[in-house]
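Here is the structure we will look at, set down as structure tokens.
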């Protein structure tokens, strides 16, 4: 049996966007991909991300944040490295060994949202939905092999 191609989602803190992307791809195509996420400066999982993913029936509350540089040092191989942060931050991501397709999908950072809890939750929900749609579109566009 061939190993599944690796997909790594990277953002700044590995606290929301990359965690949501990892969870969605794992749910939609975990049988086809070995999915991971990591951050350039990992912190803790954003409670808003946990809440909006629960609405999708996905529990990320036990997830741990990971440092992208640790994965690099382990010489992990990824067919796809997908940055989900802003463009300038994506430039800080290390170049992984092997044949890697680098993709950039920019999403707003839930950690930067202001306003009431409901406002921040609604904005995080919007990011969640954008991530979900982007992954669905990407999967549809991939070769069936």
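The values are calculated or read from the model by the stated rules, or taken from the named source; none is laboratory data. Small disclaimer: the values here were computed from a predicted structure and weren't measured. Methodologically, a virtual Cβ is constructed for each residue, glycine included, from the backbone with ideal geometry; neighbour enumeration extends over all protein chains shown.
Restricting to segment 1-11, name every residue that is touching a strand residue (DSSP E or B) at 6+ places or on another chain (Cβ under 8 Å) and surrounded by fewer than 24 Cβ atoms within 10 Å (Cβ to Cβ). Those that are touching a strand residue (DSSP E or B) at 6+ places or on another chain (Cβ under 8 Å) and surrounded by fewer than 24 Cβ atoms within 10 Å (Cβ to Cβ): 3, 4, 5, 6. Quick one: would you say residue 102 is at pLDDT 95 or above and under 14 Å from the mean Cα position of the chain (by Cα)? In short, no.
Residues in segment 57-68 that are in a loop (DSSP other than H, G, I, E, B) and within 22 Å of residue 80 (Cβ to Cβ): 6 in all. Being modelled with pLDDT of 95 or more, over 17 Å from residue 5 (Cα atoms) and in a loop (DSSP other than H, G, I, E, B) is a description that does not apply to residue 131. Taken over segment 4-39, the criterion of being closer than 17 Å to residue 108 by Cβ, more than 8 Å from the chain's Cα centre (by Cα) and either free of Cβ contacts under 8 Å to residues at least 12 places away in the same chain or not in a helix (DSSP H, G or I) (or both) is satisfied by 12, 13, 15, 39. Among the residues of segment 40-56, those that are under 17 Å from residue 126 (Cα atoms) and in a loop (DSSP other than H, G, I, E, B) comprise 46, 55, 56.
Quick grid of which residues meet (1) within 16 Å of residue 136 (Cα to Cα); (2) at pLDDT below 95; (3) buried (at least 19 other Cβ atoms within 10 Å of the Cβ):
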{"site": "45", "(1), (2), (3)": "no, no, yes"}
{"site": "67", "(1), (2), (3)": "no, yes, no"}
{"site": "77", "(1), (2), (3)": "no, yes, no"}
{"site": "83", "(1), (2), (3)": "no, yes, yes"}
{"site": "98", "(1), (2), (3)": "no, yes, no"}
